[in-house]
Each structure stands twice: as C-alpha cells, then as structure tokens.
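As structure tokens, the structure follows; a few thoughts come after it.
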Amino acid sequence: MIKVEHVSFTYAGKKTVYTDLSFSTVDGRMNCIIGKNGVGKSTIFDMISGLVDPQAGTIDPLLSSAEIIYQMQGVPMLPAMTGQNILDIFRDLNPGTQRTDEFLTAVYQENVVALLNEKYRDMSGGERRLLIIYAMCTLKRALYLFDEPTSGLDPISARKILGLLSDLATCSQVIFTGHNLFELQNVPCHVIFIANQHCIFQGNYEELMARYSENDPVQTFVDALKADQIVS
Amino acid sequence: MKKIRALMKFDLEEMLDNRLAFVYAVIFPLLFFAMSNWKNIMAQQTDNTEKLIILLTPYLSYVVLSNALNSVILMVYGRRESGFLKMYYFIVERRNYLMLAPEILFYFITLIECLGFTLLAMVAFHNLSPLLLLEVVFIITVIYFPTCGILSPLLLMPIKPPSMTAISGGVLLLAVLTYSYTTSFLPLRVLTMLNPTILTSDVVGNVLAPTLAGWGWVVGVGVVDCVIGYLCMTHMPIISKSQRV
C-alpha cells in the first residue's frame, strides 16, 4: 500500500497542482487515478516514482527505481526498432526477472506476435501502447505506474490492457491514470478521484457510482467535480 | 556491463536504420581535406608519417568533437526532451547507463571513421604506415572520452531545443576556430585546454615529441574532463527541462 499524505506541489513560477493531496492505494487490485486533463495525474506519478519531490507532505513507501516500472502517456521509443527488438531489449536489460503466466502468453499470441517484425514507426498508436505495456508487464517489479494506458485504444484493446494490469495487480502494486469511467465497469479496481488540487473520492467503482449518478459514468464524473467534497 | 551492451545494441540497431549517420561526421572534413590539399595530392606528393599526422589533426579533432556533440550529447538531450530517458530510466535502473551506452558505441564509430579518414589520406599521400594507424587509435582513445566529458554540462542546463541547437553550433564553431590558439599565460592556458580541439593538438604534440611534463599536463586535463563528464552523467536530469512529457 502506498500512502500519500498532505502533499502539496507547485511548479516553479507556475500553477499550483496540489494543496493537500491525501489518498492511499490498495493491494491485490488495480488502483485508478481519475481526474480532468491537467489535474496533475502525471505529476503524482513523478512524485511516487521519486523523480519529483513534494514540497510538503509525504509519500510512503518511496521505492527505488529498480522496483518501479513507469509507462508514460506518449510511450516514447526509437522509431527503427521492431517489435522483436523491443522485447529483446526489455529482456536483456532485466535478465532473470521476467514474468510469464497464462494471461501474458495469451496476449502475446493474440496481439504481440503480429507486431514482432513491424517497425515501431509503422505501428499504430494503439499497437505501440499495447506492445510497450505488454513488454513492461513481463518485467517483475513491486510497483507499476501506467499513465493513461488505454488512451487512444479501441474498446477491445483497452479491455485487453486492463486485463493485463488486473492480472499484474494480483502480485504487485498497480496504479494507472485515466479519464474514462466507462472502462472501469466490471473491473476490480480502487478509484482515486482527484479534482481541485486534492482527492475528492476514493473507493471502488460501485461506491463512486452510488454516490453520484448511478447509471451514467459521464454524469458521475461531472457530478463528482461539482460536489468536490473529500470522502475517505 | 551486460546492460550497457544491451543498450549499445539498441542504439546500433537505430543507427543501422540510418546508414548515412555513419558518415555525417566525416564527410565534410573529408571534402575540406581533399580541397585544401588538392594540389599536393595531384602532385603525387609523399608526406612522412609525422607530417601526415600533423596535417590530419584538425580533421580528426573535428570528427571526434562532432560525434561527441551531435551523436552523444545532443542525442541524449533529445531523448530526455522526448520523455525517453524518463521512461527507460526505470527499465535500465541507472541513469548513467543511458548516457554511457551511446558514448561507448560512438567511441567505436568515431574510431572507425577516423581510421577510414586516415587510410584515405595515407593513400592520397602515398604513405601506408601502420604506425600512423596505431597513433590515430591511441589519439582518439585519449581524447574521445574527455571530449564527451567536457561537453556534458550542456545536459545540466535548462535549455529549450531551439536554443540547444544554436548553442551546440556555437560550441562547435568556437572549438574549431580556436584550434591553434596558444598562450603562455597559465590560467588562460588551463582554460584553453578545456577546448577539445586544443587538447587534441596537445596530445598529438606529445605523441610526436613526448615529455613527462607534457603528458602530465594532458593526462591531468583529460582526467578533469572525465570527472566533469561522470558527475554530469550521474546528476543529469532525466525529466525534460523545457516541456511536460
């Protein structure tokens, strides 16, 4: 479990991102940080990963880089690499720490094999994201941070990615960010809703829906932002 | 070391995709060399090894400087600005590997380019001297890493990409233009030795006429450059300084 307590952060001479951010993640299932664009979801990842220090408050535990995987929104990669090159480099850089399980094998067969000989620059945005996330999921780490892993993906690929993350969450801490509450239906996950520089809700998807607009995820998102009250 | 090798393989794959990159650093010095020495080459002049190495020094120095700047420092800078370093830092686990891998790879590429350049010059001046090739290997080995080291502070500066392009162009120009600058005023001499092209010139001078003081001076500056490079490598920011990625 990662505890974020009373964290404040302002970019130098720029906007305040957090004034008093507190939440904790749960073990055994995915943790999803939800919020509007620009609310500071990536910034909290930078702090959890130790790349940026909070100006006030604490994050506990702060893991070393060797225990973390951090997928960024843009999934940067050298464009000339083929899918096979990419999997090889992930393997070579982490010898002896590969994960294998039935789910990963199934994703490999269904989605990754077709990309092995294709260059990264020729892949679609969704294919790139899926390949990199798959490669990251094959590495053993204590904490996985995925920044908008389903952004730009079709619903089938998005479901596949969330399946990968859910599979991973059974043995490690997984935190991902997103905007789309639709995707969280029927997915076992702990939702952390951030708005106006602090956490306005944390709990599971059903609790979030029950609190705001029961049948409409979009309306729930809007209502939660309007209500803007801290609920622990 | 395994991780550095894996990253070097990664960079090499990327380079092989753009084979012209192998000759970027060498093509213009080669053209300039041919133009400057056209009369002598056409006159079938034969130069001895010493004369040839002196003739080659500014060109080899430029190749080293150009590779260290454009293929190592600016490449690492570009990767940081695109977010590549931030994401791969966690996969590699140590930030200095992300710099060390291209630096070592380009050491070998620089060596190949300089040997190729020297071979062409040897053919042009009818002096096929294995000793000259050995000297070139030695000189490149001595100056390449200090050159990368002294350029590394560029990675610590909060510079936006367009400014970095201008600054690196300026650094290259200044280094080349002051290649033959000499002074007996010690503090200024220490400062000028930080210029990789002057360091190259001093190394060549010491290869041709070695003295203990001369080598002590060159090794001292080289070590300082390498220490600067190491400190920059281990402390360089891996998050973009100019934009959110």
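The values are calculated or read from the model by the stated rules, or taken from the named source; none is laboratory data. All figures in this text were calculated on a predicted structure; none of them were measured in a lab. Positions of Cβ are backbone-derived with ideal geometry, glycine not excepted, and every protein chain shown enters the neighbour counts. For the accessible areas, the whole protein counts, side chains as well, though only heavy atoms, and no ligand, DNA or RNA atoms are used. Shrake-Rupley method; radii C 1.70, N 1.55, O 1.52, S 1.80 Å.
So which residues in the stretch B:9-46 end up with at least 10 square angstrom less accessible surface once the other protein chains are there, compared with the chain by itself, probe 1.4 angstrom?
B:Lys9, B:Phe10, B:Glu13, B:Glu14, B:Asp17
With an 8 Å Cα cut-off and a minimum separation of 6 or more residues, compute the relative contact order for the stretch A:1-124 in percent.
On the way: 126 pairs, mean separation 28.4, N = 124.
Once divided by the residue count of the stretch A:1-124, the mean separation gives 23 percent.
Identify the trypsin sites (Lys or Arg not before Pro) of the stretch A:2-45 meeting these criteria: DSSP loop state and at most 10 other C-beta atoms within 10 Å of the C-beta.
On the way: sites: A:Lys3, A:Lys14, A:Lys15, A:Arg29, A:Lys36, A:Lys41; in loops: A:Lys14, A:Lys15, A:Arg29, A:Lys36.
When the trypsin sites (Lys or Arg not before Pro) of the stretch A:2-45 are filtered for loop state and at most 10 Cβ neighbours within 10 Å, A:Lys14, A:Lys15 remain.
For A:Asn204 and B:Val23, what is the calculated FRET efficiency with R₀ set at 60 Å and r taken between the beta-carbons, to the nearest 0.05? Mind dumping the intermediate values first?
Values: r = 60 Å, r/R0 = 0.99.
FRET efficiency, A:Asn204 to B:Val23: 0.50.
Tell me, what is the percent relative contact order of chain A, built from C-alpha pairs under 8 Å that lie six or more residues apart? Let's see the in-between values first.
Numbers: 410 pairs, mean separation 60.9, N = 232.
Relative contact order comes out at 26 percent.
Taking amide hydrogens as modeled 1.01 Å from N in the peptide plane, which residues meet the under 5 Å criterion relative to A:Phe176, leaving out close sequence neighbours?
A:Asn31, A:Cys32, A:Ile33, A:Phe146
Please give the calculated 222 nm ellipticity per residue for chain B, where each DSSP H segment of at least 4 residues contributes -39500 (n - 2.57) and the sum is spread over every residue; nearest 500 deg cm²/dmol?
Working: 12 runs with 185 residues, N = 245.
Taken over chain B, the calculation gives -25000 deg cm²/dmol.
Work out, step by step, the length gained on full extension between B:Leu191 and B:Thr234: first 0.36 nm times the residue separation, then minus their alpha carbon distance; give nm to one decimal.
13.1 nm
Give the interface area between chains B and A as buried accessible surface, both sides summed, probe 1.4 Å, in Å² to the nearest 100. Write out the running numbers ahead of the final one.
Numbers: alone 12820 and 10880 Å², together 21090 Å².
Approximately 2600 Å² gets buried when B meets A.
Springs between alpha-carbon atoms under 10 Å, Gaussian network over chain B: tell me which of B:Ala121, B:Ala101, B:Ala34 tops the mean-square fluctuations.
Of the options given, B:Ala34 has the highest mean-square fluctuation.
Name the shape class, rounded, prolate or oblate, that the alpha-carbon gyration tensor gives for the protein assembly as shown, where a ≥ b ≥ c are the square roots of its eigenvalues, rounded holds for a/c under 1.5, and otherwise prolate holds if a/b is larger than b/c and oblate otherwise. Working shown, then result.
Values: a/c = 3.07, a/b = 2.20, b/c = 1.40.
Prolate is the answer for the protein assembly as shown, as a/c is 1.5 or above and a/b outweighs b/c.
When the chain is fully extended, how far beyond the present Cα-Cα distance does A:Met1 get from A:Gln84, taking 0.36 nm per residue of separation? Mind dumping the intermediate values first?
Working: separation 83, 0.36 × 83 = 29.88 nm, distance 3.44 nm.
Taking A:Met1 through A:Gln84 to full extension adds about 26.4 nm, to one decimal.
How much length is gained on full extension from B:Lys160 to B:Thr49, taking 0.36 nm per residue of separation minus their Cα-Cα distance? Spell out each step's value before the answer.
Working: separation 111, 0.36 × 111 = 39.96 nm, distance 4.49 nm.
Full-extension gain reported as 35.5 nm.
Return the average number of partner chain Cβ atoms within 10 angstrom of each residue Cβ along peptide A:71-84. Please list the in-between numbers first.
Values: counts 2, 7, 4, 6, 3, 9, 5, 9, 3, 6, 4, 1, 0, 0.
Mean shielding by partner chains, rounded to a whole number: 4.
Using a simple spin-label model with points 7 Å from Cα along the Cα→Cβ vector, what separation in nm is obtained for A:Gln219 and B:Ser184?
According to this spin-label approximation, the distance is 9.1 nm.
At a threshold of 8 angstrom on Cα-Cα distance, excluding pairs fewer than six apart, so keeping six or more, what relative contact order does the stretch A:60-198 reach in percent? Let's see the in-between values first.
Numbers: 153 pairs, mean separation 40.9, N = 139.
Taking the mean separation of contacting Cα pairs over the length of the stretch A:60-198, I get 29 percent.
What figure, in Å² to the nearest 10, do you get for the accessible area of B:Phe28 with a 1.4 Å probe and non-protein molecules left out?
Counting only protein heavy atoms, the figure is 140 Å².
With a 1.4 Å probe and every protein chain kept in, tell me what percent of the accessible surface of the protein assembly as shown is carbon plus sulfur. Present the calculation step by step, with values, prior to reporting the outcome.
On the way: 12930 of 21090 Å².
The value for the protein assembly as shown is 61 percent carbon and sulfur by accessible area.
When chain B is modelled as a GNM with alpha-carbon springs shorter than 10 Å, which of B:Leu155, B:Leu188, B:Leu119 fluctuates the most?
Of the options given, B:Leu188 has the highest mean-square fluctuation.
Taking each residue in A:139-148, count the Cβ atoms of any other chain within 10 Å of its Cβ, then average. What number comes out?
Numbers: counts 2, 0, 2, 0, 1, 1, 1, 0, 1, 0.
Mean partner-chain Cβ count within 10 Å for A:139-148: 1.
By Kyte-Doolittle mean hydropathy of at least -0.5 and Cα axial length of at least 15 Å, which whole DSSP H helices of chain B are selected? Mind showing how you got there, number by number?
On the way: long enough: B:2-16 (21 Å, -0.16); B:21-36 (24 Å, 2.21); B:49-66 (25 Å, 1.21); B:95-124 (44 Å, 1.45); B:130-151 (31 Å, 2.18); B:161-177 (24 Å, 1.61); B:196-208 (18 Å, 1.04); B:212-235 (34 Å, 1.40).
Result, helices passing both filters: B:2-16, B:21-36, B:49-66, B:95-124, B:130-151, B:161-177, B:196-208, B:212-235.
Solvent-accessible area per residue for chain B at a 1.4 Å probe radius, Å²? Walk me through the numbers before you get to the answer.
On the way: 11490 Å² over 245 residues.
Here the per-residue accessible area is 47 Å².
Have a look at the stretch B:85-109 and report residues whose accessible surface goes down by 50 Å² or more when the remaining protein chains are included, against the chain on its own, probe 1.4 Å, ligands and DNA/RNA excluded.
At a threshold of 50 Å² (probe 1.4 Å), the residues of the stretch B:85-109 that become less exposed are B:Lys86, B:Met87, B:Tyr88, B:Phe90, B:Ile91, B:Glu93.
Please list, or write none, the aspartates and glutamates whose alpha carbon is within less than 14 Å of the alpha carbon of B:Lys51, excluding same-chain residues fewer than 8 places away.
Of all the aspartates and glutamates, those that pass the test against B:Lys51 - Cα under 14 Å, at least 8 places apart if same chain - are B:Glu135.
Select from B:Pro102, B:Pro162, B:Pro196 the residue whose mean-square fluctuation is largest in a Gaussian network model of chain B (Cα-Cα springs shorter than 10 Å).
Evaluated over chain B, the most mobile residue of the options is B:Pro162.
So what is the accessible area of the stretch A:3-227 per residue, in Å², with the probe set to 1.4 Å?
Numbers: 9070 Å² over 225 residues.
That works out to 40 Å² per residue.
Can you give the mean number of other chain Cβ atoms that lie within 10 Å of the Cβ atoms in peptide B:231-239? Please report the intermediate quantities before stating the final value.
On the way: counts 0, 0, 0, 0, 0, 0, 1, 2, 3.
Neighbouring Cβ atoms belonging to other protein chains average 1 per residue here.
If you average the alpha carbon positions of the stretch B:190-218 and of the stretch A:52-110, how far apart do those two centres end up, in angstrom?
Their Cα centres are 45 Å away from one another.
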